[in-house]
Amino acid sequence: LIETSGGIIAYPEELAYYREHFGREALLRAFESGCSEVSHVCRDYYEDGLSHWTKTIVNMMRNPMSGDVEGVIYSFDVSDAAKEKLVVERLTHDEFDFIAIIDLDDQTIEFRNIRAAAQFEAPAAGTDYRQYTELCLKEAVEPEELAEALSSASLENITAQLDQADTCSFAFTRRGRDGSSCRKQLRYSYLDDDRKHILLIQTDITDIFAREQRQQHELKNALDQARQASAAKSEFLSRMSHEIRTPMNGIIGMTYLAKEQDNPPKTEKCLDNIETSSKFLLGLVNDVLDMSKAESGKIE
């Protein structure tokens, strides 16, 4: 039976495990050690040629009449449950540091999936959420962010925000044991409609945060440069307006004095044209000066 069943197991390492733990001697050792049930989940090839996740269970008992150890072995398809578990594990491995559930009735936290690279040790199930969160934040969060982090992570704040929106979150800078730092985000949402349990997910957003910081720095530099350029333009207009108006006043004044003299008709006409043109040009220069005042908020 073991060899026949092993023939449909898809992967060699799973076949080796199956043969090691479901052989006659292995089952007897397990029973003698106090274990009456042995189970294993593996991928099998069905008649359709596709691989399916199958859970095999052996329940053992001692026959009171003969004294022999007898067992009942059965298998059933668990493909959907196995796939869901793999999806959660893959998401945790690629996207999240951990996934946990907060029980609002007894205010405890239970960790379900933890990313191996997160170097994080989960507490025992039923750990008090408030005490555990306060301890972790005090140990890991930068001092200048601690008060805000403690307030954001309180159940009162979380439930109040979840009453207004589907999710709530906050970010903080986490100190590493080696002196490094990274940016983490905690995101909360109700697990189901009864609102008795909250799903908590921690994500590493160090790269995203660094990218946003660079973008903000670039925007600030661009804004500073634009302000400097605008200030230089306004200063240039103001200087040029004053510099041009001074000689223009001189031209207008000299023209007025020249017209007081006894001039030939042709010269008098030229002086009239000079006076008209210079006054027009002076008005234009004054408008430019007023524009620079408008840009600096000093127009009246």
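Residue-wise test of (1) over 18 Å from F96 (Cα atoms); (2) at pLDDT below 90.
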residue	(1), (2)
S151	yes, no
L162	yes, no
S169	no, no
R174	no, yes
Y188	no, no
I201	no, yes
_Any hit, region 31-38, residues being surrounded by 12 or more Cβ atoms within 10 Å (Cβ to Cβ), modelled with pLDDT of 85 or more and part of a helix (DSSP H, G or I)_ = yes
*Which pairs have Cβ atoms under 8 Å, sit 6 or more apart or on different chains, and link a residue in region 266-292 that is farther than 11 Å from M248 by Cα and open to solvent by 40 Å² or more (accessible area, probe 1.4 Å) to one that is outside any helix (DSSP H, G or I) and of a type in the set (A, V, I, L, M, F, W, C)?*
D290/I299
*Do the conditions hold for E89, that is, is it under 26 Å from K196 (Cα atoms) and modelled with pLDDT under 80?*
yes
*Failed condition for Q261, given (1) assigned to a helix (DSSP H, G or I); (2) open to solvent by 50 Å² or more (accessible area, probe 1.4 Å), with all others met?*
(1)
*Run down T173, T206, T159 and say which single residue is touching a helix residue (DSSP H, G or I) at 6+ places or on another chain (Cβ under 8 Å), polar (S, T, N, Q), touching a residue at least 24 places away in the same chain (Cβ under 8 Å) and under 27 Å from L137 (Cβ atoms).*
T173
*Any hit, region 154-167, residues being within 21 Å of I114 (Cα to Cα) and more than 16 Å from the chain's Cα centre (by Cα)*: no
_Between a residue in region 224-242 that is surrounded by 12 or more Cβ atoms within 10 Å (Cβ to Cβ) and any residue that is part of a helix (DSSP H, G or I) and of a type in the set (S, T, N, Q), which pairs come within a Cβ distance under 7 Å, given they are 6 or more apart or on different chains?_
S234/S292; L237/S292; S238/S292; S241/S292
*Within region 124-141, can one find any residue that is out of contact with any helix residue (DSSP H, G or I) (no Cβ under 8 Å at 6 or more places or on another chain), open to solvent by 70 Å² or more (accessible area, probe 1.4 Å), more than 19 Å from F98 (Cα to Cα) and among the acidic types (D, E)?*
no
*Given the structure, is R245 assigned to a helix (DSSP H, G or I), within 30 Å of S181 (Cα to Cα) and charged (D, E, K, R)?*
no
*Could you list, in sequence order, all residues of region 243-258 that are hydroxyl-bearing (S, T, Y) and open to solvent by less than 60 Å² (accessible area, probe 1.4 Å)?*
T255
*Going by the structure shown, is E110 within 23 Å of G176 (Cβ to Cβ), at pLDDT 85 or above and surrounded by 12 or more Cβ atoms within 10 Å (Cβ to Cβ)?*
no
*Please enumerate the residues belonging to region 113-132 that are of a type in the set (V, I, T) and at pLDDT below 90.*
I114
*asked:* Looking only at region 190-214, count every residue that is over 15 Å from the mean Cα position of the chain (by Cα) and part of a helix (DSSP H, G or I) and tell me the total.
replied: 1
*From the list R187, R175, R214, which residue is of a type in the set (K, R), exposed (fewer than 11 other Cβ atoms within 10 Å of the Cβ) and over 30 Å from I274 (Cα atoms)?*
R214
*For region 190-203, how many residues meet the condition of being open to solvent by less than 100 Å² (accessible area, probe 1.4 Å) and free of Cβ contacts under 8 Å to residues at least 60 places away in the same chain?*
3
*Quick one: what pairs do we get from region 16-28, first residue under 18 Å from S75 (Cβ atoms) and of a type in the set (D, E, K, R), second in a helix (DSSP H, G or I) and modelled with pLDDT of 85 or more, C-beta under 7 Å, 6+ apart or different chains?*
E20/A26
*asked:* Can you tell me how many residues within region 147-156 are open to solvent by less than 40 Å² (accessible area, probe 1.4 Å), under 21 Å from R183 (Cα atoms) and either in a helix (DSSP H, G or I) or touching a residue at least 40 places away in the same chain (Cβ under 8 Å) (or both)?
replied: 2
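The values are calculated or read from the model by the stated rules, or taken from the named source; none is laboratory data. No experiment lies behind these values; they were computed from the predicted model shown. Backbone-built Cβ (ideal geometry, glycine too); neighbour counts: all protein chains shown. In case anyone asks, the SASA skips ligands and DNA or RNA and just uses the protein heavy atoms, side chains included. Shrake-Rupley method; radii C 1.70, N 1.55, O 1.52, S 1.80 Å.
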